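A.B. asks: Handing you a structure now.
The values are calculated or read from the model by the stated rules, or taken from the named source; none is laboratory data. Source: prediction; values computed, not measured. A quick note on method: Cβ atoms are made from the backbone with ideal geometry, for glycine too, and the neighbour counts reach across all protein chains shown.
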Amino acid sequence: MENWDNLITVEQMEEATNSLLETAAKLNADTWQQRVKNQTPHCKFGEEGTCCRICTMGPCRITPKAPRGICGCDVHGIVARNYLRFTAGGAATHSDHGRSICHTLYNAKEGGSYQVKDPEKLKRIAKEWGIETEGKDIYDLAHETAEVALMEYGKPFGFSRWTARAPQHTQDLWNKAGIMPRGIDREVSQSLHMTHMGCSSLPEALVQQSLRAGLCDGWGGSMCGTEFSDVLFGTPKPLDTEANIGVMEKDNVNIVVHGHDPSLSEMIVFYANDPEMIAYAKEQGAKGITISGVCCTANEVAMRHGIPMAGNFLQQENVVLTGACEAIVVDVQCIFPALGPLSKCFHTKFITTSPIARMPDAEYIEFSDETAAEKAKKIVKLAIENFKNRKPELVNIPQLKTKARVGYSVEAIKKELDGVCNSHVDDFGTLKPLADVVKSGVLRGAVAMVGCNNPKVRPDTAHIGLMKKLLENDIILVVTGCSAQAAAKAGLMDPDAAKYCGEGLKRVCKLVGIPPVLHMGSCVDISRMMILASDLAKDWGCNISELPLCGCAPEWMSEKAVSIGNYVVATGIQTFLGVDPYTKGSDVVTNLLQGENGMVQNMVEAHFTVDTNIDSLCDKMINCIEDKRKALGI
Ligand code: MSK
C-alpha cells in the first residue's frame, strides 16, 4: 500500500498555523490557542452536565454531599435536562436556517436575485407532497411549495412531511417509541417547556424528547434547508476545487465567506465574478478577486461553484492572520466573536449581515432577500476598496493547498453509479450497485463522518486519522461540515487518493471515478445522508439499522452536533462520538443513550458510543461494521 505521508499532513498544517501565530504574537492579537489556555482547566460540573441554572434558586451543583438541587431534582434529571436543552438549541438553529431558505424560495422570482435553478427537483418535491404541478408556472409552484414547507414549522396537527421518505420500518419505530416529529417549532418549544423548572425530571422522558427534537431537525428543518437550497441554487454535482489556506491569493482582493446560509454567499460569489467588479479591483491595484470559504458556507459554495475552501472551524482566525483578507463576510452560526477584535489588528473588514448574528467590532450590513443584490455589490465593493489598506509587511499566506472533488448529493451519487453500472431504473436512479459491492465484500461498509473541530482534540487529527484507517479497511466515507474540509485539506478528496486505500475501495473508486471520501455538503446536508441511508436500505431490502454503516463526529463541539447525533441515532445508525456530550455525570443518562441494551437502542435499534481515544473509537466502528455484515450473513 502506498504511503499516506505523501499527502499533506496535520504537522504541515500546524506549521502553517504556527507561522500565522507568529504574526499574531507580534501584534499582540488574541487567538483561540491563547484563550484555550486561559480557560483551562474547564469546570468539572459543566463538563459532567451536573450544574443546573434553569431557575434562580441556584445555581445548583451536584456533589456527593449535595445530591439534589434545591427543587429536589437529582443528578439524572439535571443531566438529562441539560442534554435536551442542548439538543433543542441545535434543532432550533438548523431549522431556523431551513426556514430562512424557505422564505427565500417564497420570494424567488423570474429575473430576481433568487431564482429556481433546479425546477425538476422542485416538481419532484411538490409531487411528493401532493401539490399539483401540471401546467403551473414554476414560480407559482415555488411559492406554493415554500408556503407548505413554512407551515411545517407551526403545524398544529400531524407529523413532519419529510418522514414519509424513511423506510416504513423506521416510521413504525418512531411511532411506537412516541418520537415521530410533529411541527418543527413545536418540538423545540416543547423541549424548552419540558426542561423548565418544575416540569420533567424523569431522564427517560427527557431523552425520548431529545430524539424527537433531533428528528424535527434532520427530518424537518435541516431537510427543508438542504432540499430548497438545491431548488434555489442547484443540486450539487461533482466538480473540482481546492482546499486549505493557500487558496487565498496574495495579489488578489481576498473575500472570505463564512457561516451557513447560501443565500448570502451565492450573491457574494455572483458579484465577485461580475466583470465590472473585477475591473474595479484591477483599478485598485489588485490582479483580480478571490473568494474562498470557511466552515459550512465553504461547503455550500464549493459544491455549487467550485469556490475553494480556505479552512474549517478552527482556521477561521487564520484567514485574517494572513494579513491578506480584505473582508470576512459572515451570516450565521460557528462564527467566532473574536473575529471582530482580531480584524482590527489588520486592515480586514469583518462584515456581519444577519440580525441573528450581531457582534461587536463588526461592520453590520443587513442582508435580506429584497436587498440581496444591492448589499452584495456593496460588500464586494467595500472589500475591493480595502485592498489598498493592506500592510504588506503583515502578509503571509502559507502555501498549502490540495485538490478536491466535491459535490456528491444523493442525486449525484446515484448518477455516478448509473454511469458505470447502467442500472438506471427510473428518474431517481438506484443505489443497488452500491449495495452489491458492499454485499460482495469489495467494500466492507460506509461511515458518515461529520462535525466540527474542537480544541479538546488536536485539530483535524481525529477526522483525518480515522478516515485513513477506515479507507485502508475498504470502508468508504461520506462526509459533511468541517469534517469534509479536514478531508479536503488532507488531500483525501482528490480521486488520486484512492491509491492509498484498501484494494476493494481502490478498485471501486477507479471504476466509478470518485474520490474515496465523498463530500455531501454542509451541516444541514446531513439530511442528505439520511436519504442516502433510507434509499440504500430500501434498495438493499433491509432495515437501516442492519446496514454496515456508522455515523461519527470525532471532534464535534456545537449544540447542532448534538441535535444531529440524536437524529442520526434515531434513524437507526450507530453513532460514534470523540467528545463527551456533557452527560457523564449521570450513569442513568449515559446508559439510556449509550447502553447496548439501553432505552435508545431498544427504541430505534441504534445507540451512541463515546470514546475520546480515537484509535479505539476507530476499532469500535470497524467492529460494528463487521458485526453488521455477520448478522446479514455477508
Ligand atoms: S460549520 S457546526 S463547526 S461542522 Fe457547519 Fe463546522 Fe460544526 Fe460549525
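A.B. asks: Checking Ile634 against (1) surrounded by fewer than 20 Cβ atoms within 10 Å (Cβ to Cβ); (2) in a helix (DSSP H, G or I); (3) of a type in the set (A, V, I, L, M), which single condition isn't satisfied?
C.D. replies: Condition (2) is where Ile634 drops out.
A.B. asks: List the pairs whose first member sits in segment 305-324 and is within 17 Å of Asp251 (Cα to Cα), whose second member is surrounded by fewer than 24 Cβ atoms within 10 Å (Cβ to Cβ) and among the hydroxyl-bearing types (Ser, Thr, Tyr), and whose Cβ atoms are under 7 Å apart, counting only residues at least 6 apart or on separate chains?
C.D. replies: Val320/Ser343; Leu321/Thr23; Gly323/Thr23
A.B. asks: A further question follows. Any idea which of Gly90, Gly98, Gly111 is surrounded by fewer than 19 Cβ atoms within 10 Å (Cβ to Cβ) and small (Gly, Ala, Ser)?
C.D. replies: Criteria check complete, one pass: Gly111.
A.B. asks: Here's a follow-up. Among Lys123, Lys127, Lys176, which is among the basic types (Lys, Arg), surrounded by fewer than 17 Cβ atoms within 10 Å (Cβ to Cβ) and closer than 23 Å to Arg528 by Cβ?
C.D. replies: After ruling out the rest, the residue left standing is Lys127.
A.B. asks: Follow-up question, since we're still on this one. Does Arg390 satisfy the condition of being in contact (Cβ under 8 Å) with a residue 40 or more places away in the chain and within 28 Å of Asn6 (Cα to Cα)?
C.D. replies: No.
A.B. asks: Also, I was wondering about something else. Being of a type outside the set (A, V, I, L, M, F, W, C) and within 24 Å of the chain's Cα centre (by Cα) is the filter here, so list the residues in segment 367-395 that pass it.
C.D. replies: Ser368, Asp369
A.B. asks: Here is a follow-up. Using beta carbons and a limit of 7 Å, which pairs, at least six apart or on different chains, have the first residue in segment 327-353 and farther than 15 Å from Val380 by Cα and of a type in the set (Val, Ile, Thr) and the second one modelled with pLDDT of 95 or more and part of a helix (DSSP H, G or I)?
C.D. replies: Val332/His97
A.B. asks: Could you tell me which of the residues Leu400, Leu417 is part of a helix (DSSP H, G or I) and either modelled with pLDDT under 95 or hydrophobic (A, V, I, L, M, F, W, C) (or both)?
C.D. replies: None of the other options fit; the residue is Leu417.
A.B. asks: Kindly provide the set of residues from segment 456-482 that are more than 16 Å from Leu617 (Cα to Cα) and within 12 Å of the ligand (Cβ to nearest atom), ordered by number.
C.D. replies: Scanning segment 456-482 gives Pro459, Val479, Thr480, Gly481, Cys482.
A.B. asks: Within segment 373-382, is even one residue among the acidic types (Asp, Glu), surrounded by fewer than 16 Cβ atoms within 10 Å (Cβ to Cβ) and not in a helix (DSSP H, G or I)?
C.D. replies: Within segment 373-382, none of the residues are among the acidic types (Asp, Glu), surrounded by fewer than 16 Cβ atoms within 10 Å (Cβ to Cβ) and not in a helix (DSSP H, G or I).
A.B. asks: Failed condition for Ser545, given (1) buried (at least 24 other Cβ atoms within 10 Å of the Cβ); (2) closer than 19 Å to Gln168 by Cα, with all others met?
C.D. replies: Every listed condition holds for Ser545 apart from (1).
A.B. asks: Is it true that some residue in segment 97-104 is among the hydrophobic types (A, V, I, L, M, F, W, C), within 21 Å of the chain's Cα centre (by Cα) and within 20 Å of Pro262 (Cα to Cα)?
C.D. replies: Yes: segment 97-104 contains one or more residues that are among the hydrophobic types (A, V, I, L, M, F, W, C), within 21 Å of the chain's Cα centre (by Cα) and within 20 Å of Pro262 (Cα to Cα).
A.B. asks: Here's something else I'd like to know. Given the criteria within 16 Å of the ligand (Cβ to nearest atom) and of a type outside the set (S, T, N, Q), does Met267 qualify?
C.D. replies: So Met267 fails the test.
A.B. asks: Let me ask something else about it. Looking at Ala486, Ala553, which one is of a type in the set (Gly, Ala, Ser), farther than 30 Å from Ala80 by Cα, within 21 Å of the chain's Cα centre (by Cα) and within 16 Å of the ligand (Cβ to nearest atom)?
C.D. replies: Of Ala486, Ala553, the one residue that is of a type in the set (Gly, Ala, Ser), farther than 30 Å from Ala80 by Cα, within 21 Å of the chain's Cα centre (by Cα) and within 16 Å of the ligand (Cβ to nearest atom) is Ala486.
A.B. asks: Follow-up question, since we're still on this one. Across segment 139-158, what is the number of residues that are free of Cβ contacts under 8 Å to residues at least 24 places away in the same chain and either in contact with an Asp or Glu (Cβ under 8 Å, 6 or more places away or on another chain) or crowded, with 16+ Cβ neighbours inside 10 Å (or both)?
C.D. replies: 3
A.B. asks: While we're here: Give the residue that is nearest to the ligand (Cβ to nearest atom), with candidates limited to residues of segment 489-502 that are part of a helix (DSSP H, G or I) and under 22 Å from Glu416 (Cα atoms).
C.D. replies: Top of the filtered list is Ala497.
A.B. asks: Further, regarding this structure: Just for segment 334-345: of the residues that are buried (at least 24 other Cβ atoms within 10 Å of the Cβ) and assigned to a loop (DSSP other than H, G, I, E, B), which one is nearest to the ligand (Cβ to nearest atom)?
C.D. replies: Cys334
For (1) among the polar types (S, T, N, Q); (2) closer than 25 Å to Ile531 by Cβ; (3) touching a residue at least 12 places away in the same chain (Cβ under 8 Å), each residue gets a yes or a no:
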site	(1), (2), (3)
Val562	no, yes, yes
Asp580	no, no, yes
Val588	no, no, yes
Gln601	yes, yes, no
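A.B. asks: Would you pick out the residues in segment 230-279 that are surrounded by fewer than 24 Cβ atoms within 10 Å (Cβ to Cβ) and assigned to a strand (DSSP E or B)?
C.D. replies: Selection gives Leu239, Asp240, Glu242.
A.B. asks: With out of contact with any Phe, Trp or Tyr (no Cβ under 7 Å at 6 or more places or on another chain) and surrounded by fewer than 17 Cβ atoms within 10 Å (Cβ to Cβ) as the only criterion, which of Gly221, Gly198 stands out?
C.D. replies: Gly198
Every residue, every condition in (1) assigned to a helix (DSSP H, G or I); (2) at pLDDT 95 or above; (3) within 12 Å of the ligand (Cβ to nearest atom); (4) more than 22 Å from the chain's Cα centre (by Cα), yes or no:
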position: Ile291; (1), (2), (3), (4): no, yes, no, no
position: Ala298; (1), (2), (3), (4): yes, yes, yes, no
position: Met303; (1), (2), (3), (4): yes, yes, no, no
position: Gln315; (1), (2), (3), (4): yes, yes, yes, no
position: Val320; (1), (2), (3), (4): yes, yes, no, yes
